[in-house]
Each structure stands twice: as structure tokens, then as C-alpha cells.
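Some notes on the structure that comes next.
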């Protein structure tokens, strides 16, 4: 069953999520901005870890949710995807080249992650496989956003871009916090969890060139400073 909205005023303060732009909401978590989940129109984007299922379901209760899309298939983004899609009866979408990771058991964890971290993720973070109803490609439309193929961190990583107001959902191409320590600030994802760091930097340069007035990250607070984003990306190695 699909969740049905009961609210009418999008400007009203919601204890479960924060409105960032028209039809773009950031669900609240703890620590704040550590592992971000967004509701964009009627599409839930990313689903944190397996431990996030109850929190996410509680926060989206009463909202219209007709589909679930992933920026990429990593444990801190797909952990609750299977449970949420099953409970709401909604389809799962992800980038074409991430489909095998989502559907094949044991394929989620990044191959370069140290053994102890991989074991922790397997025990507490990684969600079950789930069939992908729609493989996303460059130029596809998702809740009024255009799909951008931004590989590197995973083969099938995608970002979402709305040109009308220059809102960008970045995923993990970049983060606005240190991915390991949690200290605020722009960073690229760790090489150990990124199969192709050079290609990820190419994706980062592509996104920065869009000059987004609002950049929404998988990790870290939203950024409303396109010049800061551009300056950071400009100093990355080729």
C-alpha cells in the first residue's frame, strides 16, 4: 500500500523532516546529517542502513510515497530499502550498473573495505537483496529531477538534478563532512570504498560545473554555496 499524504501546508514545521526546497525534504536523523535520506516529491531517495527502517517508516507515515530510488548501492544507502519497498508495496529504482549489487546476495559491500568494517556492515548495515523495477539511465526523470550518471564511487552511482531551481542531490560523489570522522567540510569519499577514485573526481567536476544553488549530500549538511563547491573541486587531482 502507498502512504497517503495528510498535510497541506509544505511550509509548516514537520518534526520528522526539514524542507530544503520545493518538494525536497531531508529526513531527520542522529547524529544530524550523518546518513541522509530525502523525500523528493513522492519518491524516497536512499534508505540509510538496515537499522534505519523503523525511523524512516515513522517519518514518512502520512506522506505520499510511490517509489524508492537509490543514488548508489552501498550499505548506508540501501540498508532499509528491501523492508521499505516490501511494507509500502513500492518499486525500487537504481542506476543501471548498480542493479547486480542490489539484486545479488553478498554483492553490496565495496571490495576495498577492510575486513573488520565489512563484517560490521554485514552484521548491522547491509539490507537484503531486492529486485530493481527500473534501471536508471542518464536523462531519465525522477520526481521532476533529471538523472545524471556519476560513476566512480560505485559503477552505477547516479545523482539527481533539477535545473529550474538548480537543486542537486549529490549522493556520495562528494560529502559535506569527513566520511570517517564526521567533521564538517567538503570531502571526496574514501578511496577504500571507491573502486575508481579518478572517475569519481570526474563526476565531481561535472556536478560542480552545474553551479547548484543547493547541493544535498549523502553525508553532511546541505550546501547553498556553488562557489565553495567549485573551489573545492578545482583543487582535486586530475
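Taken together, the values in this text are just the output of simple stated rules run on the coordinates, not laboratory data. A quick note: this is a predicted structure, and the numbers were derived from the prediction, not measured. All Cβ positions, even for glycine, are placed from backbone atoms using ideal geometry, and neighbour counts span all protein chains on display.
Rounded to the nearest 5, what is the percent of antiparallel bridges among the DSSP beta bridges in region 26-119? Working shown, then result.
Values: 4 of 9 bridges.
Roughly 45 percent of the DSSP beta bridges within region 26-119 come out antiparallel.
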Spatial separation of Cα centroids for region 68-128 and region 157-196, in angstrom: 17
Calculated from DSSP helices alone, with each H run of at least 4 adding -39500 (n - 2.57) and the total divided by the residues of the chain, [θ]222 nm to the nearest 500 comes to -6500 deg cm²/dmol
GNM flexibility winner over the chain from 223, 116, 136 (Cα, springs under 10 Å): 116
Given the options 202, 103, 22, state which has the largest fluctuation in a GNM of the chain using a 10 Å cut-off (strictly under) for Cα springs. 22
Using a Gaussian network model on the chain with a 10 Å cutoff between Cα atoms, which of 169, 45, 60 fluctuates the most? 60
Please quote Rg/Rh for region 98-238 to two decimal places, taking the Kirkwood radius as Rh and restricting both calculations to Cα atoms. 0.97
Could you tell me the relative contact order of region 17-234? Use alpha-carbon pairs under 8 Å, at least six residues apart, and round to a whole percent. 17
Expressed in angstrom and ordered largest first, the alpha-carbon extents of the chain along the principal axes are 48, 39, 33
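Provide the gained length on full extension for the span residue 54 to residue 163, in nm with one decimal, where the gain is 0.36 nm per separating residue minus the Cα-Cα distance.
Values: separation 109, 0.36 × 109 = 39.24 nm, distance 3.32 nm.
Result for the pair: 35.9 nm of gain on full extension.
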Rounded to the nearest 5, what % of the DSSP beta bridges within the chain are antiparallel ones? 65
Using a 7 Å offset from the Cα along the Cα-to-Cβ direction at both residue 191 and residue 234, what is the distance between the two label points in nm, to one decimal? 2.5
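Can you work out D for region 55-178 in µm² s⁻¹ from Stokes-Einstein, where Rh is the Kirkwood radius over C-alpha pairs, the temperature is 10 °C and the viscosity is 1.306 mPa s? Don't skip to the end; give the middle numbers.
Working: Rh = 15.1 Å.
Once the numbers are plugged in, D ends up at 105 µm²/s.
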